[in-house]
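For reference, the structure discussed in these notes is given below.
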Amino acid sequence: MKYAAPRGTKDILPDEAPLWQAIERACRETFGLFNYREIRTPVFESTEVFSRSIGDSTDIVSKEMYTFADRKGRSLTLRPEATASVVRAALENNLLSTDNLLKVYYLGPMFRYERPQAGRQRQFHQAGVEAFGSADPSLDAETVQLSVKLFENLGLKELAVDLNSVGCPECQPVFREALKKYFAAHLAELCDDCRQRFAANPLRLLDCKEARCQKYIEQAPAMIDHLDPECQAHFAKVRGWLDGLKVKYRVNDRLVRGLDYYTRTVFEVVSKQLGAQNAVCGGGRYDNLVKQFGGKSVPAIGFAVGLERLAEIMGKSKVKSQKSKVDLFIAVLGEQAKKVAFDLMSQARDLGLSADTDFLGRSLSAQLKAADRLGAGYVYIIGDDELAKRSAALKNMKTAEQKEVPFAELFTQFAGECGKGCSCEE
Ligand SMILES: [Zn+2]
Ligand SMILES: [Zn+2]
């Protein structure tokens, strides 16, 4: 019998892992610079956590959730995104108030039952931030700035920010009506999905990717022309703060984002390295979500970054991730030599040096080749003669220099190389 990874999932293999680690490290460091702290929530939740918040009419909830009944018949869903989970956790643990700002970030796998295609998987990874407790436009601007800073820190270029406002529950219904009126005249020309969206939530029509719908979407009314005075003022202030922070952006009045809970500011970061269609990051304000969950009215804003996409761009843009390597490889001939090697490896690891030896009974030349493949900094070669004199040859694999070093002095030699007790190249 042959097994394969489930459709839409992918193994991240040891050669790829350093790139992922570098991305995750950059996320943690950059979020930390803006005073975000990590939160870890379960990968599954009660189904209502997602269906109520993301919106029943969205593609995510209507078609893409991994929903199952557990052994007691409770409906659970693998998280398709993390914001709803974070809101649930923050409420449950009393982390939210209006006189305190809560800044949290998350990192981990998400699950959506989508047709697998390039850059789209059923298990994928996201990192993101959520800030709760302030409706101030300066926080919107800082959040956008953080997303740009993250990509800069990752070495990505040709970034563009798309910005829009989707209004609030006061002004959105007016816009909805305007959209309904407009699309009603074109229903026959739209795709099947759009005809359904028309009935459920006309805002969703603006998300359609079908070619036949594009020309109608382009000419549809714009939310920013229907904002009430408060939302208008908020949007103007966000733009003012962004200008002050020298964050470049363009207003894209077609941008609505695929989730129901957004209010006012929404944004995406696009990298031209991927082509104009592809956002690397998306987010926005969700001032009513906490209340919808049964909490107080606590305004919030956040964004999420797709890590598969980042890994793809970074692979393309030759952002090099350092290959992991072993500091010391001990080549051994015979069982007795291996015992000495194990003792030396223990000492090496106590000093923080990575060490390995041969477990396959290979010839010396095969062991040296293996050490080379591993990128070993040094090779120490122990055979019968070496056992007798309790001393062996230490080879610097970079310079090919070789010198005789007694077993007992092996690690003072290492300390001598860089003064730090290791074989690093600093
Ligand atoms: Zn409004
Ligand atoms: Zn459509």
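Quick notes on this one:
- Here Leu242 meets each of (1) within 21 Å of Thr58 (Cα to Cα); (2) more than 16 Å from ligand 1 (Cβ to nearest atom); (3) buried (at least 20 other Cβ atoms within 10 Å of the Cβ); (4) at pLDDT 90 or above with one exception, condition (1).
- Top-ranked residue of the range 106-122 - restricted to ones that are in a strand (DSSP E or B) and at negative phi, ranked as surrounded by the fewest Cβ atoms within 10 Å (Cβ to Cβ): Gln117
- Residue within the range 159-179 that is among the small types (Gly, Ala, Ser), away from ligand 1 (no atom under 16 Å from the Cβ), under 30 Å from Val247 (Cα atoms) and assigned to a strand (DSSP E or B) present: yes
- Summed over the range 206-244, the residues that are of a type in the set (D, E, K, R) and either without any contact (Cβ under 8 Å) to a residue 40 or more places away in the chain or outside any helix (DSSP H, G or I) (or both) give a count of 8.
- For the range 190-205, taking the residues that are touching a helix residue (DSSP H, G or I) at 6+ places or on another chain (Cβ under 7 Å) and part of a helix (DSSP H, G or I), the one that is nearest to ligand 2 (Cβ to nearest atom) is identified as Cys194.
The rows are residues; the columns are (1) surrounded by fewer than 17 Cβ atoms within 10 Å (Cβ to Cβ); (2) within 16 Å of ligand 1 (Cβ to nearest atom); (3) over 25 Å from the mean Cα position of the chain (by Cα).
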{"site": "Phe124", "(1), (2), (3)": "no, no, no"}
{"site": "Ala135", "(1), (2), (3)": "no, yes, yes"}
{"site": "Ser138", "(1), (2), (3)": "yes, no, no"}
{"site": "Leu150", "(1), (2), (3)": "no, no, no"}
{"site": "Leu154", "(1), (2), (3)": "no, no, no"}
{"site": "His186", "(1), (2), (3)": "no, no, yes"}
{"site": "Asp193", "(1), (2), (3)": "no, no, yes"}
{"site": "Tyr216", "(1), (2), (3)": "no, no, yes"}
{"site": "Cys231", "(1), (2), (3)": "no, yes, yes"}
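The values are calculated or read from the model by the stated rules, or taken from the named source; none is laboratory data. Because the structure is predicted, anything quoted here is derived from the model rather than measured. We place every Cβ from the backbone using ideal geometry, glycine too, and count neighbours over all the protein chains shown.
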